[in-house]
Amino acid sequence: MLLIYCPYCQEERSELEFRGAGDAHIARPTNIAEISDEQFEEFFFLRDNPKGLIFERWRHQHGCGRFFNAARDTISDKFIMTYKAGEPKPDIGAAAAPHAPVETYEQLEGEAK
Ligand SMILES: [Zn+2]
């Protein structure tokens with residue numbers, strides 16, 4: 001079972017108590033009534049969905065109920081760290097992502113021969 005550290009409760013709890021809430025650090029435009037439909041689409045709908053390090057909002061829904069942010073590795077599904085909402089995005093280098101290099105299909109196929 002995956003354990004997630006809640007920065008408000010200051011303890012690890014079961015993943016069943018949490019719910020993902022999308023990307024973290026999405027800046028709302030200050031002039032939202034003046035932006036074009038394309039700019040609004042990009043702000044409201046479009047997300048990068050990168051492979052590897054990602055910053056997300058999470059909610060401790062069946063605990064304290066508060067939102068917080070997490071740095072997570074999408075390859076290993078490991079939480080690198082969590083931090084309170086409103087805190088700045090932490091500077092995490094690629095070396096912090098605790099996963100092994102990804103083998104390509106061709107590499108795996110070559111090993112099977
Ligand atoms: Zn909590």
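The values are calculated or read from the model by the stated rules, or taken from the named source; none is laboratory data. Since this is a predicted model, take the numbers as computed values, not measurements. No Cβ is skipped: glycine too gets one built from the backbone with ideal geometry, and neighbour counts run over all protein chains shown. When the accessible area is computed, the model is the full protein with side chains, heavy atoms only, and any ligands, DNA or RNA have been set aside. Shrake-Rupley method; radii C 1.70, N 1.55, O 1.52, S 1.80 Å.
For a quick check of your reading of the model, give me the residue pairs whose first member lies in region 5-20 and is under 14 Å from F68 (Cα atoms) and small (G, A, S), whose second is modelled with pLDDT of 95 or more and open to solvent by less than 60 Å² (accessible area, probe 1.4 Å), with beta-carbon atoms closer than 8 Å and at least 6 apart or on different chains.
G20/E56; G20/W58
Does region 75-95 hold any residues that are among the aliphatic types (A, V, I, L, M) and at pLDDT 55 or above, and which are they? Don't jump to the end; show me each part of the working.
Of the residues in region 75-95, the ones among the aliphatic types (A, V, I, L, M) are 75, 80-81, 85, 92, 94-95.
Once the filter is applied, which keeps residues that are among the aliphatic types (A, V, I, L, M) and at pLDDT 55 or above, region 75-95 yields I75, I80, M81, A85, I92.
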